[in-house]
Amino acid sequence: MNSCDTLLHINRPTRYLGGEAGSICKDPSTVDIRFALAFPDTYEIGMSHIGSAILYQALNQQPWIAAERAYCPWPDMIEQMRADQAPLATLESQTPLAEFDLVGFSLQYELSYTNVLTMLNLAGIPLRRDQRSADHPLIIVGGPCAYNPEPMADFIDMALIGDGEEAVVELCAAIRDSSQAGEDRPQLLERLRHVEGIYLPELFEVSYQDDGRLKQIQPRHADQPKVKRRFITDLDAAIYPKEPLVPFMHTVHDRVALEIARGCTRGCRFCQAGYIYRPVRERQAETVVNLIDSALRHSGYDEVSLLSLSSGDYSAIEPLLKNLMARYANERVAVSLPSLRVGSLTDELIEEVRKVRKTGFTLAPEAGTERMRQLINKGIEAQDLLDTARTIYGLGWRLIKLYFMMGLPTESREDLDGIVSLSREVKRCARGTEGGGDVNVSVSTFIPKAHTPFQWEAQLSLEQTLERQHYLRDELKKKKLRLKWHEAELSYMEGVLARGDRRLGKVLERAVELGCCFDGWREHFHFDRWQQALSECGIDGDFYLRQRQLDEVLPWDHIDCGIDKSFFIQERDNALALHYTPDCRHGKCSQCGVCDFDKVKMRYADPQPQLAIPEPAPQQGEERYKLRLRLHKQEMARFVSHLEFMTVLQRALRRIGAPVRFSQGFHPHPRTSFPDALPTGVQSIAEVVDVEMFTEIDTEQFRQQLADELPNGFGIESAQAVHWRTPSPGACIITSDYQVPLDNLEIGDLNERLQRFLDAEHFVVERQRGNKTISVDLRGDVEQLRCEDNALIMTLTKGSPIVIAGALLDLDTDKVRGLGICKIGVHLIELPEFED
């Protein structure tokens with residue numbers, strides 16, 4: 001998939017390289033099962049998904065399983081792959097997905113379904129289950145959307161319902177044992193249905209009434225009327241990545257991510273995650289600290305994120321946060337809490353967060369009126385929000401982002417006005433603070449999700465959504481507040497798929513035929529194609545957004561999330577009566593039914609852990625040292641951009657614990673100096689990089705340690721101590737030599753052309769820069785030109801070797817990029833004698 005010629009002509013080629021630090025590539029002859037973890041979105045989003053990282057670790061920990069990764073290629077790569085007839089393959093071994101035993105997709109949001117089908121298409125795997133043979137891999141899905149897998153039922157062999165760390169290993173064992181026993185598909189299915197958490201769509205038959213509603217979901221096995229969710233009972237003992245994958249490129253969440261807790265019992269009635277991840281299971285603070293230590297040591301990241309549905313509810317959050325701040329104070333590691341709930345924010349917690357983050361503070365009141373917050377069981381009052389806002393502004397934040405929903409059950413115009421007035425009151429809280437403050441308002445459309453008390457409610461129609469969005473925009477504008485919203489058409493299709501049944505399979509298939517892909521990305525979402533697919537398949541999307549009857553068969557009724565439907569009905573009644581259901585973390589059990597109070601139960605961290613603080617890392621003083629490195633960047637590493645190259649080296653320096661000096665100020669950065677950017681795709685055996693240190697070190701030992709940490713394609717030719725006042729590489733390099741291979745090129749009168757170029761006073765070419773055509777004089781960039789061993793050697797003072805070689809060889813830049821240009825040397829100024 002990642003042929004060099006292809007990577008030269010696409011956007012962000014590092015998405016497709018593989019070979020990152022922490023990646024695992026096993027010899028296929030030594031394993032019994034090969035599992036492709038396929039994430040149906042871009043590399044930078046998939047690499048930020050901690051669930052996939054956990055499964056990668058859990059599977060590869062077994063010596064008999066090889067897990068590899070694949071991500072959905074961006075449209076430019078999809079087009080190139082189809083043109084080249086190249087199948088979708090994994091990053092680790094470049095093995096086509098069709099050659100694996102299992103291909104697993106994580107379904108994080110409904111609009112990624114078309115990406116799943118696109119990836120199957122690219123892999124050459126038939127989309128529908130009944131079109132595949134025993135020679136094809138088994139297709140499995142998991143994640144939150146698997147709690148209603150019915151729109152995907154015709155395409156998948158199975159879905160994993162619930163926690164996957166242990167279930168995926170049991171699943172692989174069942175498939176291995178079946179294969180070794182020579183069993184046929186019915187025998188394999190019999191094995192798989194006994195793996196707790198595994199749903200096999202072909203073992204359930206669905207029928208419909210004349211009016212389109214479901215008639216029944218009939219299990220083929222009477223002893224399995226429902227598929228029970230899989231639980232990890234003790235999160236503290238569960239597997240977690242200690243040596244995370246470290247991408248070349250910057251990803252959405254470019255940091256160590258540590259799941260401190262799973263589950264939430266706040267009981268917000270709109271929130272699917274709050275129900276499907278119950279009960280609360282927390283890692284002990286000591287375990288969290290040990291995992292973070294290991295992950296930082298093996299990754300080179302400079303930020304840690306503490307993950308849970310509500311990080312502020314974690315039992316030991318304040319002592320943990322204070323310990324981490326103190327532990328990494330000298331190492332310039334930031335600690336962030338991405339999920340903070342108004343009701344869990346204390347002044348002390350906000351003060352700790354302030355130390356590392358001041359760009360913007362996000363609060364989610366969800367609804368604008370007390371009545372509506374009571375209905376959704378939010379458990380906060382307006383005064384709680386305003387008090388928190390005053391504290392936040394008072395501590396120096398200038399921007400608060402507020403998140404609301406519209407279209408909640410029984411919503412009236414008064415509730416919409418409440419969003420406006422509450423947002424205005426929050427902004428007023430900034431009065432009297434230094435620099436003032438602002439508010440950004442974001443409003444999404446409520447989508448009634450499966451396995452929630454609101455799963456029977458209607459979703460706003462397209463017309464209603466647009467009308468309410470425009471009303472809020474106009475009213476907020478009057479108060480000088482900005483509104484962001486989720487596009488009505490995207491919410492419409494998300495609602496259709498979230499509440500849909502198996503009949504939507506043909507719609508998905510047709511939508512992909514019409515070109516739908518990356519539908520979660522607004523620039524790639526084409527509502528007209530979805531409308532066409534719905535129409536051609538005879539499906540009315542509005543049918544799925546309607547109010548459901550309490551006795552109606554729902555598409556997901558055979559999926560047991562651990563909470564009985566009767567509890568959801570009771571909670572719906574409580575909502576309409578505006579009755580509050582307390583969080584059972586602090587009050588009595590709400591009797592949701594998820595706990596068996598033996599293995600499945602609430603597990604909390606010790607609220608007062610005894611956390612030792614190690615000896616602080618050495619702190620930089622006044623002493624200054626500098627190392628000059630000569631590195632190479634070859635083979636696949638040439639597709640790593642200049643900024644990515646900088647990140648690769650800086651993270652490797654962190655991993656070996658190099659005593660690198662940092663700049664001063666609010667945003668300190670490592671004092672490393674790089675030469676001018678090398679064009680992506682150009683190789684080099686002569687990159688010069690300076691690294692400033694605050695301690696003198698053994699240069700040869702340092703060179704070897706760093707060489708061992710760099711990914712394939714990068715290497716260190718030498719490491720030399722120079723005076724700390726030595727100018728940066730950019731200031732020291734006079735000229736650079738580039739070798740341009742001339743194999744298979746008709747060079748003709750090249751020597752004459754080179755001489756004419758050197759004799760000329762000017763050599764002007766036209767170049768495109770954005771939408772403009774500009775004239776560039778290349779003559780001043782060139783010092784020497786010569787032909788040697790069937791190669792053109794260019795000695796340049798500056799400028800792009802690709803552009804200059806193209807002008808000299810009379811070739812377009814795309815052709816030149818494929819020649820394999822390499823930077824083979826640099827000429828440096830003579831360094832002066834420095835006095836200490």
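The values are calculated or read from the model by the stated rules, or taken from the named source; none is laboratory data. Fair warning: this is a prediction, and the values are worked out from it, not measured in the lab. When we count neighbours, we look across all protein chains shown, and the Cβ atoms used for this are built from the backbone with ideal geometry, even at glycine. SASA here: full protein model, heavy atoms, side chains in, ligands and nucleic acids out. Shrake-Rupley method; radii C 1.70, N 1.55, O 1.52, S 1.80 Å.
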Check: What is the helix-to-structure angle for 317-327, meaning the angle in degrees between its Cα long axis and the longest Cα principal axis of the chain, kept from 0 to 90 and rounded to the nearest 10?
Finding: 10
Next item on the list: Would you mind checking which residues have amide H under 5 Å from I716's amide H? H placed 1.01 Å from N; only 5 or more apart, or other chain.
Entry: H632
Margin query: If every alpha-carbon in the stretch 560-698 counts as one equal scatterer, what log10 I(q)/I(0) does Debye give at q = 0.12, 0.21 1/Å?
Written below: -0.69, -1.34
Note to self: From the phi angles alone, apply the Karplus equation (6.51, -1.76, 1.60; θ = phi - 60°) to the stretch 594-606 and give each ³J(HN,Hα) in whole Hz, x where the residue is Gly or Pro.
What the structure shows: 6, 8, 9, 6, 10, 9, 8, 6, 5, 10, 10, 6, 4
Next item on the list: Counting only C-alpha contacts under 8 Å and six or more residues apart, can you give the relative contact order of the chain as a whole percent?
Entry: 12
Check: Which percent, nearest 5, of DSSP beta bridges in the chain are antiparallel?
Finding: 55
Notebook entry, point to check: Can you list, bin by bin at 10 Å, the percent of alpha carbon pairs in the stretch 356-422, starting at 0?
Noted result: 20, 50, 24, 6, 0
Next item on the list: Considering Cα pairs under 8 angstrom that are at least six residues apart, work out the relative contact order of the stretch 451-606 and quote it in whole percent.
Entry: 28
Next item on the list: Give the span of the chain's Cα atoms along each principal axis, as three whole-Å numbers ordered largest to smallest.
Entry: 88, 66, 56
Check: How high is the FRET efficiency from R213 to Q531, r the C-beta distance, R0 25 Å, rounded to 0.05?
Finding: 0.60
Notebook entry, point to check: Given the protein chains as shown and a 1.4 Å probe, how many square angstrom of R283 are accessible, to the nearest 10?
Noted result: 0
Margin query: How would the stretch 103-242 be classified by its alpha-carbon gyration tensor: rounded, prolate or oblate, with rounded meaning a/c under 1.5 and the a/b versus b/c comparison settling the rest?
Written below: rounded
Notebook entry, point to check: Could you give me the ³J(HN,Hα) list for the stretch 755-768, computed from phi with Karplus coefficients 6.51, -1.76, 1.60 and θ = phi - 60°, whole Hz, x at Gly and Pro?
Noted result: 5, 4, 4, 5, 6, 6, 7, 9, 9, 9, 10, 9, 10, 8
Notebook entry, point to check: Each label point is 7 Å from the Cα along the Cα-to-Cβ direction; what then is the distance between the points at E623 and D551, in nm?
Noted result: 8.4
Notebook entry, point to check: Tell me, what is the per residue accessible area of the chain in Å², probe radius 1.4 Å?
Noted result: 43
Next item on the list: Identify, among T6, H762, A153, the residue whose Cα sits farthest towards the positive end of the charge dipole of the chain, taking +1 on the Cβ of Lys and Arg and -1 on the Cβ of Asp and Glu, with the dipole about the Cα centre.
Entry: A153
Checklist line | For the stretch 623-635, Karplus couplings with θ = phi - 60° (6.51, -1.76, 1.60), whole Hz, Gly/Pro x | finding: 5, 9, 9, 9, 10, 9, 9, 10, 10, 10, 9, 10, 6
Note to self: Give the residue list of chymotrypsin sites (Phe, Trp or Tyr not before Pro) in the stretch 1-97 that are DSSP loop and have at most 16 other beta-carbon atoms within 10 angstrom.
What the structure shows: W64
Note to self: Need the list of lysines near K479 for cross-linking: C-alpha distance under 16 angstrom, and skip anything on the same chain fewer than eight residues off.
What the structure shows: K401, K427
Margin query: Tell me the angle of helix 50-60 to the major Cα principal axis of the chain, expressed in degrees between 0 and 90 and rounded to the nearest ten.
Written below: 80
Notebook entry, point to check: Rounded to the nearest 500 deg cm²/dmol, what is the calculated helix-only ellipticity per residue at 222 nm for the chain, with -39500 (n - 2.57) per DSSP H run of length n ≥ 4?
Noted result: -8500 deg cm²/dmol
Next item on the list: Excluding H579 itself, calculate the net charge of residues whose Cβ lies under 15 Å from the Cβ of H579, where each Lys or Arg counts +1 and each Asp or Glu counts -1.
Entry: +2
Next item on the list: Collect residues whose amide H, placed 1.01 Å from N in the peptide plane, falls under 5 Å from the amide H of A67; neighbours closer than 5 in sequence don't count.
Entry: F35, N60
Notebook entry, point to check: If one takes the longest principal axis of the Cα atoms in the chain, at what angle in degrees, from 0 to 90 and to the nearest 10, does the Cα axis of helix 413-428 lie?
Noted result: 40
Notebook entry, point to check: For the stretch 737-836, what value does the Rg/Rh ratio take when both radii are computed over Cα atoms and Rh is the Kirkwood radius, given to two decimals?
Noted result: 1.04
Next item on the list: Show the residues, 5+ positions off or on another chain, whose built amide H is closer than 5 Å to the amide H of F518.
Entry: N115
Item checked: Those trypsin sites (Lys or Arg not before Pro) in the stretch 693-770 that DSSP places in a loop and that have at most 10 other beta carbons within 10 Å -> none
Note to self: Give me the percent of accessible area attributable to carbon and sulfur for the chain, probe 1.4 angstrom.
What the structure shows: 46
Note to self: Report the per residue volume, in Å³, of the convex hull enclosing the C-alpha atoms of the stretch 605-763.
What the structure shows: 208
Checklist line | Charge dipole magnitude, Cβ of K and R +1, D and E -1 - the chain, Cα centre, debye nearest 20 | finding: 2360
Next item on the list: With the cut-off at 21 Å, report for the stretch 1-100 the share of all Cα pairs above it, as a whole percent.
Entry: 31
Note to self: If you scale each eigenvalue of the Cα gyration tensor by 5 and take the root, what three semi-axes come out for the stretch 220-264, rounded to whole angstrom and sorted largest first?
What the structure shows: 34, 16, 11
Checklist line | trypsin sites (Lys or Arg not before Pro) lying in DSSP loop within the stretch 787-821, provided at most 16 other Cβ fall within 10 Å | finding: K798
Next item on the list: Taking 7 Å along the Cα-to-C-beta vector as the label spot, tell me the D743-K599 distance in nanometres, rounded to one decimal.
Entry: 6.0
Next item on the list: Place +1 on the Cβ of every Lys and Arg and -1 on the Cβ of every Asp and Glu in the chain, take the dipole about the Cα centre, and give the residue among L576, I802, V648 whose Cα lies farthest towards its positive end.
Entry: L576
